[in-house]
Amino acid sequence: MNKYLFISIYFIWEIFIGWRSKSIIETKMSSKWREMAEKVLDHEDRIQKSYPGKFDGKYGYLMMSNQKLVFVNEEGFIRKTYGLILDLPYGKIGKINPNGKYELEITDVDGVKHSFKTEELKISFVEKSLEELKSPSK
(Lines give C-alpha, C1' and ligand atoms only; values in the text may rest on other atoms or scores of the structure.)
Protein backbone atom coordinates (compact mmCIF):
# COMPACT_ATOMS: atom_id res chain seq x y z
CA MET A 1 0.00 0.00 0.00
CA ASN A 2 2.80 2.47 0.79
CA LYS A 3 4.31 1.85 -2.66
CA TYR A 4 1.10 2.98 -4.42
CA LEU A 5 0.70 5.97 -2.11
CA PHE A 6 4.26 7.06 -2.87
CA ILE A 7 3.71 6.73 -6.64
CA SER A 8 0.47 8.73 -6.44
CA ILE A 9 2.09 11.49 -4.43
CA TYR A 10 5.04 11.55 -6.84
CA PHE A 11 2.78 11.95 -9.91
CA ILE A 12 0.71 14.64 -8.23
CA TRP A 13 3.93 16.46 -7.26
CA GLU A 14 5.28 16.22 -10.83
CA ILE A 15 2.05 17.53 -12.29
CA PHE A 16 1.96 20.44 -9.83
CA ILE A 17 5.64 21.37 -10.14
CA GLY A 18 5.59 20.86 -13.92
CA TRP A 19 2.57 23.11 -14.25
CA ARG A 20 4.05 25.81 -12.01
CA SER A 21 7.44 25.81 -13.71
CA LYS A 22 5.81 25.92 -17.15
CA SER A 23 3.73 28.95 -16.26
CA ILE A 24 6.79 30.71 -14.80
CA ILE A 25 8.82 29.97 -17.95
CA GLU A 26 5.99 31.14 -20.22
CA THR A 27 5.70 34.36 -18.21
CA LYS A 28 9.42 35.04 -18.54
CA MET A 29 9.42 34.23 -22.25
CA SER A 30 6.36 36.31 -23.01
CA SER A 31 7.87 39.35 -21.33
CA LYS A 32 10.75 39.47 -23.84
CA TRP A 33 8.55 41.04 -26.51
CA ARG A 34 7.39 43.63 -24.02
CA GLU A 35 10.96 44.38 -22.94
CA MET A 36 11.95 44.92 -26.57
CA ALA A 37 9.09 47.38 -27.06
CA GLU A 38 9.95 49.27 -23.88
CA LYS A 39 13.47 49.93 -25.20
CA VAL A 40 12.08 52.27 -27.89
CA LEU A 41 9.81 54.21 -25.52
CA ASP A 42 10.72 57.55 -23.98
CA HIS A 43 11.59 57.52 -20.29
CA GLU A 44 8.11 58.63 -19.19
CA ASP A 45 6.18 56.61 -21.81
CA ARG A 46 4.48 53.32 -20.82
CA ILE A 47 2.73 50.52 -22.69
CA GLN A 48 -1.01 50.76 -22.08
CA LYS A 49 -2.44 48.00 -24.28
CA SER A 50 -1.13 44.99 -26.19
CA TYR A 51 -2.79 42.65 -28.67
CA PRO A 52 -1.48 39.47 -30.32
CA GLY A 53 -1.92 39.18 -34.06
CA LYS A 54 -0.29 39.52 -37.46
CA PHE A 55 1.17 42.78 -38.65
CA ASP A 56 1.85 42.83 -42.38
CA GLY A 57 1.77 39.02 -42.26
CA LYS A 58 4.20 38.58 -39.34
CA TYR A 59 3.00 37.20 -36.01
CA GLY A 60 3.70 39.14 -32.84
CA TYR A 61 2.30 41.78 -30.52
CA LEU A 62 0.87 45.20 -31.29
CA MET A 63 1.47 47.48 -28.34
CA MET A 64 0.07 50.92 -27.68
CA SER A 65 1.87 53.30 -25.38
CA ASN A 66 0.90 56.81 -24.41
CA GLN A 67 2.85 58.20 -27.37
CA LYS A 68 3.26 55.55 -30.06
CA LEU A 69 2.29 52.32 -31.73
CA VAL A 70 4.88 49.51 -31.56
CA PHE A 71 4.87 46.03 -33.08
CA VAL A 72 7.31 43.28 -32.07
CA ASN A 73 7.24 40.11 -34.12
CA GLU A 74 7.85 36.66 -32.67
CA GLU A 75 9.46 33.84 -34.63
CA GLY A 76 10.46 30.30 -33.75
CA PHE A 77 8.94 27.46 -31.82
CA ILE A 78 11.39 26.37 -29.15
CA ARG A 79 13.92 29.17 -29.50
CA LYS A 80 11.87 32.28 -29.99
CA THR A 81 13.37 35.40 -31.48
CA TYR A 82 11.87 38.87 -31.43
CA GLY A 83 12.24 41.84 -33.74
CA LEU A 84 10.94 45.38 -33.77
CA ILE A 85 8.80 45.82 -36.90
CA LEU A 86 7.01 49.10 -36.17
CA ASP A 87 7.80 52.19 -34.10
CA LEU A 88 5.19 54.75 -35.14
CA PRO A 89 4.40 57.88 -33.10
CA TYR A 90 0.70 58.72 -33.03
CA GLY A 91 1.37 62.01 -34.81
CA LYS A 92 2.55 60.07 -37.86
CA ILE A 93 -0.62 57.98 -38.17
CA GLY A 94 -2.76 59.19 -41.05
CA LYS A 95 -5.81 56.91 -41.17
CA ILE A 96 -7.16 53.97 -39.21
CA ASN A 97 -9.69 51.85 -41.10
CA PRO A 98 -11.29 48.58 -40.01
CA ASN A 99 -11.34 46.05 -42.82
CA GLY A 100 -13.86 43.40 -41.77
CA LYS A 101 -14.22 41.96 -38.25
CA TYR A 102 -10.60 41.01 -37.63
CA GLU A 103 -8.39 43.37 -39.66
CA LEU A 104 -7.29 46.97 -39.13
CA GLU A 105 -5.58 48.99 -41.84
CA ILE A 106 -3.22 51.66 -40.57
CA THR A 107 -1.94 54.28 -43.01
CA ASP A 108 0.87 56.60 -41.96
CA VAL A 109 1.18 60.24 -43.05
CA ASP A 110 3.52 59.20 -45.92
CA GLY A 111 0.78 56.96 -47.34
CA VAL A 112 2.39 53.65 -46.32
CA LYS A 113 -0.32 51.11 -45.46
CA HIS A 114 -0.02 48.42 -42.80
CA SER A 115 -2.39 45.61 -41.91
CA PHE A 116 -2.99 44.24 -38.40
CA LYS A 117 -5.10 41.06 -38.11
CA THR A 118 -6.38 39.35 -35.01
CA GLU A 119 -7.59 35.79 -34.90
CA GLU A 120 -10.34 35.95 -32.29
CA LEU A 121 -10.59 39.48 -30.95
CA LYS A 122 -12.87 41.82 -32.87
CA ILE A 123 -10.81 44.59 -34.41
CA SER A 124 -13.24 47.21 -33.07
CA PHE A 125 -11.65 46.75 -29.60
CA VAL A 126 -8.18 47.41 -31.02
CA GLU A 127 -9.43 50.37 -33.05
CA LYS A 128 -11.18 51.92 -30.04
CA SER A 129 -8.06 51.55 -27.87
CA LEU A 130 -5.88 53.12 -30.55
CA GLU A 131 -8.27 56.03 -31.10
CA GLU A 132 -8.44 56.71 -27.34
CA LEU A 133 -4.68 56.67 -26.88
CA LYS A 134 -3.83 58.76 -29.92
CA SER A 135 -6.45 61.43 -29.24
CA PRO A 136 -4.98 64.72 -27.95
CA SER A 137 -7.20 64.67 -24.84
CA LYS A 138 -5.16 61.79 -23.35
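The values are calculated or read from the model by the stated rules, or taken from the named source; none is laboratory data. Since the structure is predicted, the reported quantities are computational estimates derived from the model, not experimental observations. No Cβ is skipped: glycine too gets one built from the backbone with ideal geometry, and neighbour counts run over all protein chains shown.
Give GLU132, GLU74, GLU119, GLU103 a once-over and let me know the one that is surrounded by fewer than 17 Cβ atoms within 10 Å (Cβ to Cβ), touching a helix residue (DSSP H, G or I) at 6+ places or on another chain (Cβ under 7 Å) and of a type in the set (D, E, K, R).
None of the other options fit; the residue is GLU103.
Mind checking which residues of the range 61-82 are under 15 Å from LEU41 (Cα atoms) and free of Cβ contacts under 8 Å to residues at least 60 places away in the same chain?
MET63, GLN67, LYS68, VAL70, PHE71, VAL72
So GLN48 ticks every box in (1) modelled with pLDDT under 80; (2) in contact with a strand residue (DSSP E or B) (Cβ under 6 Å, 6 or more places away or on another chain) but one. Which box is left unticked?
Tallying (1) modelled with pLDDT under 80; (2) in contact with a strand residue (DSSP E or B) (Cβ under 6 Å, 6 or more places away or on another chain), GLN48 fails exactly one: (1).
Among the residues of the range 54-70, is there at least one that is surrounded by fewer than 16 Cβ atoms within 10 Å (Cβ to Cβ), aromatic (Phe, Trp, Tyr), out of contact with any Ser or Thr (no Cβ under 7 Å at 6 or more places or on another chain) and not in a loop (DSSP other than H, G, I, E, B)?
Yes: one or more hits.
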